[in-house]
Structures are given as C-alpha cells and as structure tokens.
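The values are calculated or read from the model by the stated rules, or taken from the named source; none is laboratory data. Owing to the predicted nature of the structure, the values given are computational and were not obtained by experimental measurement. All Cβ positions, even for glycine, are placed from backbone atoms using ideal geometry, and neighbour counts span all protein chains on display.
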Amino acid sequence: MKKTNIALASKRTAVWRSLLLQYGGLLLALLLLMVAFSLKTDHFLSLTTLRTISNQIPYAVLLAVGMTCVMIVGGIDLSVGSVMFVAAALAGKLVLGGQPLWLACAVILLTGLVYGAVNALFITRLRVIPFIVTLAMLSILRGLAYTFTDAAVQNAHNIEAFRAIGIGFIAQLPVVGRVPWPVVITAVIFAVFAVILTRTTLGRYIYAVGGNPRAAALSGVRVYGVKTLAFVITAVLAALSAFILIARMNSGQNNAGFGFELQVIGAVLLGGASLAGGQGTLVGTLLAVLLLGTLNNGIILLGINSHWQVAVNGFAILIAVFLDARRRRALGQD
Amino acid sequence: MSESIQPMLEMRGIRKVFPGVIALDDVDFDVRPGEVHALLGENGAGKSTLIKIIAGVYRRDGGSMLVDGQDVDFRSPADALEQRIKVVYQELDLVDGLSVAENVFLGGYPKTARGFVDFSALKSRTRALLADLGLEIDPDLPVGELRVAEQQMVEIARALSRQAQLIVMDEPTSALSPAEVDTLFAVIARLKARGVAIVYVSHKLDEIYRIADRVTVFRDGKRVVTEEVANTTPRQLVAWMVGRDLQDLFPKSEAHIGPPLLVVEGLSGSGLRDVSFTVHAGEVVGIFGLMGAGINTLGRVIYGAARRDAGTVTLDGARVRPNAPRDAIAKGMGLLTESRKDDGLVLPLSVRANMTLAALGRFADLTWIRGGAETRAAAEYVDRLGIKTPSLRQPIRYLSGGNQQKTLMARWLLRRDSLKLLILAEPTRGIDVGSKAEIYRLIDAMAQRGMGILFMSTEMPEILGIADRILVMREGAISAEFTRAEASQERLVAAAATTEPEGEATLVAPTGASA
Ligand SMILES: Nc1ncnc2c1ncn2[C@@H]1O[C@H](COP(=O)(O)OP(=O)(O)OP(=O)(O)O)[C@@H](O)[C@H]1O
Ligand SMILES: [Mg+2]
C-alpha cells in the first residue's frame, strides 16, 4: 500500500495555519474595533474601560460556555435568561431572610441542576425538540419567579454579604493590578471546559452526539446521558452567572437575565457553532463575546443611542448565519 | 475512432485544488453525443470532483470547458442545467413529500392560460416522459414512497424534462438489485439512442464492459488514459487504476473453525421471520440476499439497532439484550452499517475522531485522551487502508466516498482486542478494487485470530470469495445454507429469488432496448 505517513506531516505549522483560518476573521474584527474606538474616543483603551468590560464580560462568558456545549450537542437553550432570573431572585430572598451566603450559593446551583435535568428529560425521553422545551421553560420560570418573589426582593440593595464577592479583588498582581473575583472564577471555569471539550472523552462524545446521534449511539456512546449533561451544565452555569451578576449589581434585579438568551446565542453562532450541532469551540465563543462586548461598550463611549446595542446582536446572528451559509456553499455542501 | 464528431462537452487542462489536496491536475476529458463515457479510478482519484465541476457545484481553478464548442463557466448548478447538463447523484435531491410528477417538473411546471399549474398536463407529460424511458411509475405517488431505483428513474425523467443533453451518474448502481440494474441499463441504452451523452462513474468493471463506449482512468488526480472500452481488458484497467498489477482479489486462508460463538435463535421483528443460525469462532459467515430480503436488518437486529420482538442472541455464552447496542458492544460485537451517512459518519468531526469513536476508551486514562496514542493508532490505519486525506484532522465530510467507508471500517478494527464478532453490512460499497482486496485481507486476518465475522452482501462474487459458509435470505427468513464448497452463483440466485417476480410491479424493464 501507499505510504501516507500522515502522523509526521508538518504538525506545528499546520496547527497554526488552521487556527488562523478558523479564528483569524474574529480576531481581526476585534482588533479593528479596538483601534477604531480608541481613535474615536480618548479614553477607550484606558484601564477603566478595560475594567468596565471585564466587569460585564464574566457572566456573558459563563452563559456562553454553557450555550456552546448545548449547541455543539445539537440543542439550544432559550431558558438561560430565566434560569438566571430565578436563581438571582432565590438568592436574594435567602440572604435577606438571614441565610448564610454559602447556602444561597448551594441552593441556586442546585436549582440550575434541576432545571437542566428537567429540560433534558423532556428532550431525551419525551423527544420534544429543545427549542420548544426551553421556550416553554423561559416563560414558566420567569412567571413563577415573579409570583413567589412578589417584587420585594428586587429592591433590596446593598446586601453586605454579596459585596465581598461582587466588588472584591484577589490580591494585587503585577502589571494588571487587582483582578476582580468574577474574572478569576470565569477564567477558571472557561479553562476547565475548554479542556473538557478538547481533551477528554466526554468532550469528544459531546461533539459526536451533536454531529450524528445515531452514529454515536451505534458506536456505544450514551447519547441521552451526554445530552442531559450538556443541558445540566448550561443551566448550572446560568445559575452561577446569576450569582456573579447580583453580586456585582448588589441586588436581585427585576429584569435580571432578560433577553440574555438571544445575546448569548448570537455570540456562540458568531463564534463558529452551528444550529445543526457538532461544531463550535470555546475559543471562538470567547472571541465573539469579546467582540460584541467591545462593540456595545464602544457604542456607549461614542454616545450613540444605546438602543443600537439591541440591534447589534441581531446583526451578529445574521452575519454568523451568512458566513456559515457562504462557507457551506464554497464547499459544495448544499 | 470518430474524431470528427463534435464533443457535447470538452474539458482541457482542468485543475482543482482543495487545502492540502490537488484533486484534479491538468485533466483532459470529453464526451460525445450518444456516448457512454465511464470514469474509473481509486477512491479519492478525483472522479466526483470532476463531476461536480461539470455540474457547477465547484468552480475549477484552472483549465477550460466547452459545451458544444462554446466556452462556458458555471457558477452554480443552475448554469449547468441551462446548458442541458444534469447530474444524478447518489444522494438523490428529490422532494420526498411531492408527487413523482411534481418532482419531474420541479421549477418549471406547465401552466394553464390563467397562470395556474396545469395538473393534468403535468401528469400526462410525466407519464409520457416515463413511457419514453420504458417505465411505468404512477405520477401521483409521493416520491418518498418509491424505492431508490425508482427515485433514480424520476431523476432521469427530470433531466429529460429539461431537455438534458448530458446526464452524469455517480455510482448509480451501488444500491440497486440486479434486476434494477438491468432496468437502468436499458434506460441508458434508450438515452444513447436519443443522442444523450452520458458520464458514468462506477467501481464495478463488469458494468463498464456492459454499457460504456469509452473509459477514462484517473489516478491521484491525473488522467492516466482514455481508451475505447473494446480495446481494454479488466486486468489492464485495474493496473492503470492502481499503478501496478493486482495479484489476488480474494485472499483466503484455511479457516480454523472454533466453538460456537454467536447463537441466534428464533429471531423476529423488523421484518425478520424466525431466523436461527450459529457463527463459530474463526468463521466467516456470509449472508446473501437481494435488496429488501432483510440481510442488513438481520445485522441490525442482532446488534440491537433495530427492533427485536422475539428470539435470543447469545454471544460467547452471554445473552445479548434486545434493542441495546451498548450491551452488544460491551459483550464484544461491532457493526459496520450499510448506510454510511445516516448511521456511520459524524460529518463535522475529523478523520481521527471518526476513526477512534468506538475505541476511545483504549486511548484514555479515565476520561483524559492521550492524544499521542490516539494519533499513532489512527495514522497506522490511514496507512494500512491507504486512506487518502491531507491530515488526520481533516473533517471527514471532505473525504471521498470510498475513503469515508475505509475510515468507518477502521473504527471497528481499532477495537479488535475486545471484539469477538464483527458484523459487516456491505463493507465494500463504493470502495475501489484495490482497496477491496485489502479489506478482504483484513477480514481474513481477523478470522484467523479467532474472531467471528458476519458478512452481509448483495454482491455475489465477494460472498463466494471470502465466506466459509453462506446463508441465503429471502423475505426476512433464511431460505438456504451452503458450505463454501457447495456454493455457486446459480445456487445462490435460485435460493434468493422470490416466488413472485421480485416486486417489479411498477418497474418494468423495457423490451427491445438492448443493454
Ligand atoms: N470539499 C472538499 N474539501 C477538501 N478536499 C476535498 C473536497 N472534496 C474532495 N476532496 C478531496 O479531493 C480528492 C478527490 O476526491 P473525489 O471525491 O473526487 O474522489 P473520487 O474519485 O470520487 O473517490 P471515490 O471513489 O471514493 O468516490 C480526495 O482526496 C478528497 O479528499
Ligand atoms: Mg466519488
């Protein structure tokens, strides 16, 4: 037989080239935006702006990490915003009622777990499509939460216990200065999931199930288990991001998490995931979140009507879908 | 040779490059009206790529293309159709929910004076087109209810409704029964008689000798030769394809039959009727049957991928649970399904990830994948099976059909240490002659190691070539059993034939057309 000798094929350069092909566009767009904004405004690249962004980014990243997992597995989760809201309301209520912070934290993570499991149950066992299940969940959760919090919690500000986390910093680091806790937590979680997705059997199975569930099942993959896990991960991360959000805002907010699901889905799509499943990476997702974050911030700094922020997300989804379609066309897959 | 005839299509110096692959390199090609021109070549040689350029799916990177002597440049399949060129792909692009007639005239329905769709004209014109081809298919039937062969005919009728002068067929017979192949060839003969040019891709040499006038052989993206079929021998064709002489297509060692390994008793469900048989360790058992006889279903039911209503499956003394592929795998089974796209390939994933999917545990500590070990194992099989891919990270969707199939075969070979029984359904579908021999050799080697092999095929020569024992199925039940020595083409055909003439009610081979 012919010798392909594929293992030796110029490994390093090939890796870099494919990385550049994959993320080059996003990276370039991000850099261009930053340069453009810093030319237009005097203080875009100031430390304050970076702080502002790094304040806003963490929960978006956490949500996006979960959403990336769910979308790779071929699903979608429209209920993350509501999960956030419920978690935030619940935490506020508990802490106000005099419960310790750790208990509140444990309770809301558990809520996330249960929601994820319920979503997964409908999707795997009852075979309802994810879009419908999580759309229903979106309304149900939000409605329930409104009812049982009866607006009391949301107006309680300055809960002392949250402050430590919300605006606390970990010790002084060289160069970057003080790093906020939310950033640290988010970075750790991002890294953990990046490793899971690329280096572990679980990650591989997530991609395989999303790419072709039947083939995965016939190869011995626990398809239901993997799907369930993906939905649970997403809900738990949504709950966790709620925790960070209320900690920063220092209040349980009435509209916490409202409309987040679409922002996050937009970012994940822009980052290279596909509604068909089996595709997407956390690096792509992160770049897309940063891109949209920068864009939103720039809009504010430039003094443009902030309603444009809402529209920007819609554009992001359209662009992502357009790029995906064009790539498919070029490869003759239609 | 009739050099004076103006070719319907002429291509000169065609070049097509994908990242890391030169798929076509300076290829010349032409087809004349009324001619069947066959394309032959190993997996990944560039046949489908050439066809997609003809069809306007890909744009060429170099060279020129002339239709009826005029320069053309197709930007989309619509452009090709405009020049009356139509491709019939293996994955047919018909709309399942629409009727036969609606599909045939899709995109160009006859209209009444008031501008509404003229349904009676639609129907009668469809019937006329099909009759021209010598076919009787009800124009009102939804296409989704037709068999693959009939759907193919609808595609051809659709091509004719657009006055196609060139019809391209990419491996059209890989899912057809012998009778259906006869019908297809009769239709091709009629098309020829009307002056339609045909490009025909196949790995089956006998088909090329039956219908083709000329053949072009490709190797590694280059054209090796274009020749009148009558001036060639099969041996020569193979030598051109693989670049050397092929010795032995069916390497078969003396079988060392061990104790019973797989015991199947009273299996029914999914159309099977009370199937019982035994496979011994070290034995290759072939299951032969015509399309629709249930041979592939049998494999699925044993494995748990299709519904089992009754009966038992015992592997090496352990009962295998029904409808639970994971249990079958855990007890030592593997299944290579016949439907590559639906049940096998994970299209967005890499060649490596596809290959190691069923054996990932072997390369992982707890859950951590040892990348180096995985890569080495995958690279070994890429070399052994001669899988053509620019890298192990290449998404498998970009591999040629035959190379995808080899990758799926490797998926189970990688599990060989825990595998006791391997069920192979049409494992050589779409695979070139040289690689077939390699796969037969691997099957033989695995049997030598004491593995049991259950080998389903609708192709008689390979069943006869590699099986120690052959079971013939008919209508979901086993109708005969032969040892290797007893088996012959005639006996298999007789045992496989249904009492009624094999469901040919709607698909009548035209008489008078010579194939
Ligand atoms: N879209 C694509 N992207 C990258 N490489 C491709 C693409 N399509 C085809 N190739 C590569 O081009 C080469 C030729 O492929 P092609 O499908 O034409 O082979 P083929 O002769 O039809 O083989 P087979 O007999 O297996 O069908 C292969 O090496 C394949 O991997
Ligand atoms: Mg091909």
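Points worth noting:
- For region B:166-190, filtering for residues that are crowded, with 22+ Cβ neighbours inside 10 Å and over 21 Å from B:R147 (Cα atoms) leaves 1.
- Verdict on B:R393 being under 23 Å from A:N212 (Cβ atoms), within 16 Å of ligand 2 (Cβ to nearest atom) and in contact with a Ser or Thr (Cβ under 6 Å, 6 or more places away or on another chain): no
- Condition check for B:V320: of a type in the set (V, I, T) and in contact (Cβ under 8 Å) with a residue 24 or more places away in the chain: no
- Verdict on B:A80 being under 18 Å from B:I156 (Cα atoms), away from every other protein chain (no Cβ under 14 Å) and either outside any loop (DSSP other than H, G, I, E, B) or within 16 Å of ligand 1 (Cβ to nearest atom) (or both): no
- The number of residues in region B:34-64 being within 13 Å of chain A (Cβ to nearest Cβ), near ligand 2 (Cβ under 9 Å from one of its atoms) and under 14 Å from B:K222 (Cβ atoms) comes to 3.
- Yes/no for B:G294 being within 24 Å of the chain's Cα centre (by Cα) and in the same structural domain as B:L471 (by TED's automatic domain parsing): yes
- Being surrounded by 22 or more Cβ atoms within 10 Å (Cβ to Cβ) and in a strand (DSSP E or B) is a description that applies to B:A23.
- Neighbours by Cβ (under 8 Å, 6+ apart or cross-chain): first from region B:161-178, within 14 Å of another protein chain (Cβ to nearest Cβ); second assigned to a loop (DSSP other than H, G, I, E, B) and within 16 Å of ligand 1 (Cβ to nearest atom): B:D170/B:Y89; B:D170/B:Q90
- Among the residues of region A:200-221, those identified as at the interface with chain B (Cβ under 7 Å from one of its Cβ atoms), touching a residue at least 12 places away in the same chain (Cβ under 8 Å) and either surrounded by 24 or more Cβ atoms within 10 Å (Cβ to Cβ) or within 16 Å of B:I329 (Cα to Cα) (or both) are A:Y207, A:A208, A:G211, A:N212.
- Matching residues in region B:26-42 - criterion: being crowded, with 24+ Cβ neighbours inside 10 Å and touching an Asp or Glu at 6+ places or on another chain (Cβ under 6 Å): B:V36, B:E42
- Listed here are the strands (runs of 3 or more DSSP E) enclosed by region B:277-379 that have at least 3 residues being buried (at least 23 other Cβ atoms within 10 Å of the Cβ): B:284-288, B:333-336.
- Given (1) of a type outside the set (A, V, I, L, M, F, W, C); (2) part of a helix (DSSP H, G or I); (3) in contact (Cβ under 8 Å) with a residue 24 or more places away in the chain, index of the condition A:Q279 fails: (2)
- Within region B:1-33, if we keep just the residues that are basic (K, R) and under 27 Å from the mean Cα position of the chain (by Cα), the residue that is nearest to ligand 2 (Cβ to nearest atom) turns out to be B:K16.
- Conditions (1) more than 12 Å from ligand 1 (Cβ to nearest atom); (2) not in a loop (DSSP other than H, G, I, E, B); number of the one not met by B:L50: (1)
- Looking across region B:401-439, the residues that are in a helix (DSSP H, G or I), within 14 Å of chain A (Cβ to nearest Cβ) and away from ligand 1 (no atom under 16 Å from the Cβ) come down to B:R411, B:W412, B:L413, B:S418.
- When we screen B:L345, B:L366 for residues that are within 9 Å of another protein chain (Cβ to nearest Cβ) and at pLDDT below 90, the only hit is B:L366.
- Of everything in region B:255-276 that is crowded, with 20+ Cβ neighbours inside 10 Å and in contact with a strand residue (DSSP E or B) (Cβ under 7 Å, 6 or more places away or on another chain), the residue that is nearest to B:E475 (Cα to Cα) is B:V275.
- Residue count for region B:96-134, restricted to those that are outside any helix (DSSP H, G or I) and more than 21 Å from B:T183 (Cα to Cα): 18
- Residues (within 12 Å of the chain's Cα centre (by Cα) and within 14 Å of chain B (Cβ to nearest Cβ)) located in region A:274-289: A:T281, A:G284
- Qualifying residue in region B:94-103 (condition: modelled with pLDDT under 90, of a type outside the set (A, V, I, L, M), away from ligand 1 (no atom under 16 Å from the Cβ) and under 24 Å from the mean Cα position of the chain (by Cα)): yes
- Where a residue in region B:398-411 is at positive phi and touching a residue at least 60 places away in the same chain (Cβ under 8 Å) and its partner, wherever it lies, is part of a helix (DSSP H, G or I) and within 12 Å of ligand 2 (Cβ to nearest atom), with Cβ under 6 Å and at least six apart: none
- Answer residue from region B:11-33, given it is within 14 Å of chain A (Cβ to nearest Cβ) and not aliphatic (A, V, I, L, M) and is nearest to ligand 1 (Cβ to nearest atom) among those: B:F18
- The numbered conditions (1) within 28 Å of B:A239 (Cα to Cα); (2) under 22 Å from the mean Cα position of the chain (by Cα); (3) within 16 Å of ligand 1 (Cβ to nearest atom) are all true for B:S391 except (2).
- Look at region B:257-276: where a residue is modelled with pLDDT of 90 or more and a partner is of a type in the set (F, W, Y), sitting 6+ places away or on another chain with Cβ atoms under 7 Å, you get B:V264/B:F277.
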